[in-house]
Amino acid sequence: STTGPSQFMSAHGNSFPGLPGCGNGPNAAHDAVGLRLTFTVPAGADRLAFDWRYVTSDYPEWVCSTFIDYFLGIVVTGTSPSLPLDRNVVLDSAARPISVDSVDIDICTGCTSGDGALAGTGYPANDSAATEWHTAYVPVVEGETLVLDLLAFDVGDAQFDNLVHLDGLRWISD
C-alpha cells in the first residue's frame, strides 16, 4: 500500500476522485504496478501518443463506491504549458481519470458494445467490464527529457484487479 502520485493527489484534494455524487476514494493505492518510460523528445515533436484499453473486475458491484481502481499516465518531468494540473494524461471522454466509474466503460454484459472483447483477457464477461481502445496524448517540448509513469492500482482495497492494454507508442508533429 502507498499513497497516490503526489501531483495527482494534491490536484484532487488528496483523495481519488469518484463520480460526481458518489464520493471519493481514500488516498491509499494497493496492488500497484507501474511502467516508467524515459525519453528525449525528438526535434519537431509536440506530442507523444499511445493507445490504451482498460479492463476491470470491479464492475458492476463497485461502481459509485470508495473502491475505485485506476489507470493513470502521470507526467513526472515535462515542461509543456499544456500539461494538466494533476499531470495525468489518460482521460475518458468526460475528461476524468480512467477508473471503474469512467463514462467510457462500454464493454460488459448488457453494455452497448457487448462483452465479446473480454474474451481472452482472463476477466469473466458477467463480472467485469472494459473500455474500447482510446488514445492518450502527452504534450511535450522538443529536446526535453520526458518521464512518464503508467500506473494501474486498486483504491480502498487490495482485491478485484484491473488490466491495461498498451499499444502504438508514437511521436506526433503538427
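See the values below:
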{"item": "Out of Y59, Y70, Y54, Y123, sole residue that is touching a Cys at 6+ places or on another chain (Cβ under 9 Å) and of a type outside the set (D, E)", "result": "Y59"}
{"item": "The lone exception for A117 - which of (1) of a type in the set (G, A, S); (2) within 13 Å of the chain's Cα centre (by Cα); (3) surrounded by 14 or more Cβ atoms within 10 Å (Cβ to Cβ) it fails", "result": "(2)"}
{"item": "Looking only at segment 1-25, and only at residues there that are farther than 20 Å from L85 by Cα and not hydroxyl-bearing (S, T, Y), the one that is surrounded by the fewest Cβ atoms within 10 Å (Cβ to Cβ)", "result": "G21"}
{"item": "Any hit, segment 40-55, residues being in contact with a strand residue (DSSP E or B) (Cβ under 7 Å, 6 or more places away or on another chain) and either over 26 Å from V140 (Cα atoms) or modelled with pLDDT under 95 (or both)", "result": "yes"}
{"item": "Candidate set from segment 78-98 (those that are without any contact (Cβ under 8 Å) to a residue 60 or more places away in the chain and of a type in the set (S, T, Y)); member that is surrounded by the most Cβ atoms within 10 Å (Cβ to Cβ)", "result": "S82"}
{"item": "Residue tally, condition in contact with an Asp or Glu (Cβ under 7 Å, 6 or more places away or on another chain) and not small (G, A, S), over segment 54-106", "result": "16"}
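The values are calculated or read from the model by the stated rules, or taken from the named source; none is laboratory data. Because the structure is predicted, anything quoted here is derived from the model rather than measured. As a convention, Cβ positions derive from the backbone with ideal geometry for all residues, glycine included, and neighbour counts pool all protein chains shown.
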